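What follows is a short report on a single structure.
The values are calculated or read from the model by the stated rules, or taken from the named source; none is laboratory data. Bear in mind the structure is a predicted one, so any value in this text is a computation, not a measurement. When we count neighbours, we look across all protein chains shown, and the Cβ atoms used for this are built from the backbone with ideal geometry, even at glycine. The accessibility values were calculated without ligands, DNA or RNA, using every heavy atom of the protein model including side chains. Shrake-Rupley method; radii C 1.70, N 1.55, O 1.52, S 1.80 Å.
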Amino acid sequence: MSTPTTAAAPPVRRPDPTTTATRRRVALASFVGTTVEYYDFYLYATASALVFAPTFFPSVTPAVGVIASFATYGVGFVARPLGGIVAGHLGDRIGRKKLLVASLVLMGIASTLIGAIPSASTIGVGAVVALVVLRLLQGVAAGAEWGGSALLSVEHAPARHRGLFGAFTQMGSAGGMLLATGVFTLVRTLLGNEAFLAWGWRLPFLFSAVIVAVGLVIRLGVQDAPVFQELRASGGVERFPVWQAIRQHPRSILVTAGLRLVQPALYSILTTYSLTYLGNVRGPEGADAGLRAVLVISAVSLVTTPFWGWLSDRVGRRVLTIWSAVGIAVLIWPFFAFLDAGPLVLLPLVALVGMCVFHDSIYGPQAAWFAEQFPTGRRYSGMSLGYQIGSIFSVGLTPLLAAVFVELGGGSPWILCGYLGVYAVLSIVAAVFAVDPRAAERRAERAGRTERAGHAAERETPEVRVSR
């Protein structure tokens, strides 16, 4: 006797259609909520580059301390698929909003507690254990967050503007990085480097409790999209949506994971590893210049991310991803040459090209594109699983691998640049195999306009056509 794959839901009233005001409110909630989540997550990235080595690994050499620090950073990404699986299963069954609220609370608790961990010189190895456990909780929360936030935006959006509305979730990444880097820079500037390293770095983590409360107030004011409410009302909710996604959509999961390789790896280099690299080759002045550059590119990315989402609605998602991946593979080489010897005053401009052109043109459309790979009832599960698996091998491992590759290269980044080139090729292959419904819709729209124009011309009299 076969096991049914769907569970009947209690009857509910037919949801009201999504209005323009609702779409705007959902877009704002997606942006603010994801900004808060990524603020907490990226605090750890910045602290890994600047603080955690001397605080939690004081008994090893600086190079080993950096590698160990980035290893704890990568642990969070190992936990993200678990968060994606759990949230995907529950989000496809009980709704997107409830999981988003839970993930925000979990992230806020973990981040606040990181700010309260005693140093290794005080409690020894217990400090490292506590750091790893809390980073794992951050990873679970981040894995649960992205898929639900993306779906709230995309499922409320009209079909012709999915890329634009989905980009509001993507903007949260830039918003979180801008907020995290800005708070770190402010605290470091006000307290001085010595006090910052001793205790000041804890303040941005403790501040998480405040901004999570703000995010909760905004996020609690939205509801699931009508398309999902209607699915539940019709009894179409899957019993095991994660398993159904794996069994019936393996290609879509692999494609989604492949599209998550080169773009997040570049992000990790631009916003995290470059701070360490600049500090090593250019000293404290280089690290400070790197922080300022991250602030600039994060601010500009708040504009360029929705632009690329909008453009993907016009030209399709695939073409933007392929050409940008090619650009990343080529330009990463002169980027590191610039870090070695280029004028630091121009660093924000150089980093801006990498982030706001090549990175954002891939990242901006991702929420819509990933959602388009799966049906509604398995969408949260499928896109979360692919997204987080790709994230492990890209943004999670890249800072650690970057430190190792540069050490293996005798201080030269040539192995790291080659590694990014391999990821670019894999992302291009994934883009080729991904479905691109918006490009197909645009072709159909153009064909329809051409056909209508032809019919209109046939109905016109010869005199009218000649007069034109």
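Just a few scattered comments:
- Hey, V140 crowded, with 18+ Cβ neighbours inside 10 Å, of a type in the set (V, I, T), touching a Lys or Arg at 6+ places or on another chain (Cβ under 8 Å) and modelled with pLDDT of 85 or more or not: yes
- Residue match in the range 189-203 (condition: crowded, with 21+ Cβ neighbours inside 10 Å and either in a helix (DSSP H, G or I) or in contact with a Cys (Cβ under 8 Å, 6 or more places away or on another chain) (or both)): no
- Checking each residue in the range 117-131 for being within 27 Å of the chain's Cα centre (by Cα) and surrounded by fewer than 15 Cβ atoms within 10 Å (Cβ to Cβ) picks out only V129.
- Criterion violated by A213 - all others in (1) open to solvent by less than 60 Å² (accessible area, probe 1.4 Å); (2) modelled with pLDDT of 85 or more; (3) touching a helix residue (DSSP H, G or I) at 6+ places or on another chain (Cβ under 7 Å); (4) among the aliphatic types (A, V, I, L, M) satisfied: (3)
- Among the residues making up the range 421-438, those that are among the aliphatic types (A, V, I, L, M), open to solvent by 10 Å² or more (accessible area, probe 1.4 Å) and either under 11 Å from V319 (Cα atoms) or touching a strand residue (DSSP E or B) at 6+ places or on another chain (Cβ under 8 Å) (or both) are I428, V432.
- When L100, L50, L106 are checked against the criterion of being out of contact with any strand residue (DSSP E or B) (no Cβ under 7 Å at 6 or more places or on another chain), within 23 Å of R232 (Cβ to Cβ) and either open to solvent by less than 10 Å² (accessible area, probe 1.4 Å) or not basic (K, R) (or both), L100 stands alone in meeting it.
- Of all the residues in the range 21-50, those that are farther than 17 Å from P306 by Cα and polar (S, T, N, Q) number 3.
- In a residue-by-residue description of the range 116-138, the property of being under 21 Å from A257 (Cα atoms) and in contact with a Ser or Thr (Cβ under 8 Å, 6 or more places away or on another chain) applies to at least one position.
- All of E372, E407, E458, E463 fail the test of being of a type outside the set (F, W, Y), modelled with pLDDT of 85 or more and farther than 22 Å from W308 by Cα, apart from E407.
- Filtered residue count, the range 303-330, keeping only those that are surrounded by 18 or more Cβ atoms within 10 Å (Cβ to Cβ) and either farther than 29 Å from A440 by Cβ or of a type in the set (D, E) (or both): 1
- Taking the conditions (1) out of contact with any Asp or Glu (no Cβ under 7 Å at 6 or more places or on another chain); (2) closer than 18 Å to V242 by Cα; (3) of a type in the set (A, V, I, L, M) in turn, A53 satisfies each one other than (2).
- Selection within the range 216-244 - open to solvent by less than 50 Å² (accessible area, probe 1.4 Å), over 19 Å from L100 (Cβ atoms) and modelled with pLDDT of 75 or more: Q244
- Here P284 clears all of (1) open to solvent by 10 Å² or more (accessible area, probe 1.4 Å); (2) touching a Lys or Arg at 6+ places or on another chain (Cβ under 8 Å) except the condition numbered (2).
- In the set A79, A102, only one residue is without any contact (Cβ under 8 Å) to a residue 60 or more places away in the chain and closer than 28 Å to Q244 by Cα; that residue is A102.
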